[in-house]
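Notes follow once the structure below has been shown.
The values are calculated or read from the model by the stated rules, or taken from the named source; none is laboratory data. Since this is a predicted model, take the numbers as computed values, not measurements. Heads up, the Cβs are rebuilt from the backbone with ideal geometry, glycines too, and the neighbour counts pull from every protein chain shown. Side chains are part of the model used for accessible areas, which takes the heavy atoms of the whole protein and leaves out ligands, DNA and RNA. Shrake-Rupley method; radii C 1.70, N 1.55, O 1.52, S 1.80 Å.
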Amino acid sequence: MLRHRHRHQEYDIEDRPVDPITGGAIAFLGSFGDITYETFNLPVQIARGIVTGTTKVVKKLASSHGRHRMENEPEREETLSQSSTIAPIQTHSKIRENEYSDSWKDIFSQSLEVIATTGKGMGRLSRAGLSLPLHFSLGIARGFQ
């Protein structure tokens, strides 16, 4: 009895361009897609940083305002019962001064968050733009193989 040994046919399923022109074109279009994505994603990231930072600032101001109000109510009652009229004004102005300095610190930290988010987005956009020649050359080289 003769047995026929059939050799399985092997397929090359590696994703390669068939010539240098299509290799360069595919690489260029891929890099162009990355640049386009990062360009449109940058304003979204900036807006997300602004919304997140604003939400943090509002929550912090609301909690600090409520805390100041609760902490200073007994002081106000004591100062109102005293005969001096200067004490409530001084106490109130100190509270306001602390609230303003805290709010400016919060606004500054929010601005730093937005700047950091913008910097990261610009870095990704620059990296996508600068990698275009590398990917284009690699695509042409793969097309010659």
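Okay, here's what the table says:
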| quantity | calculated |
| --- | --- |
| Inter-probe distance in nm under a simple model that places probes 7 Å from Cα toward Cβ, at R127 and S111 | 2.8 |
| In Hz, Karplus ³J(HN,Hα) per residue of segment 104-121 (6.51, -1.76, 1.60; θ = phi - 60°; x = Gly, Pro) | 5, 5, 5, 5, 5, 5, 5, 4, 5, 4, 5, 5, 5, 5, 5, x, 5, x |
| Cα-projected label distance for I21 with S103, points at 7 Å along beta-carbon direction, nm | 6.6 |
| R7, R124, reordered so the largest accessible area comes first (probe 1.4 Å) | R7, R124 |
| Residues listed by number, segment 127-145, amide nitrogen under 19 Å from I13 label point at 7 Å toward C-beta | none |
| 3J(HN,Hα) from dihedral phi, segment 126-132, Karplus parametrisation 6.51/-1.76/1.60, rounded to Hz, x for glycine, proline | 5, 4, 5, x, 6, 7, 4 |
| Debye log10 I(q)/I(0) at q = 0.15, 0.29, 0.31 Å⁻¹ for segment 103-142, Cα point scatterers | -0.52, -0.86, -0.90 |
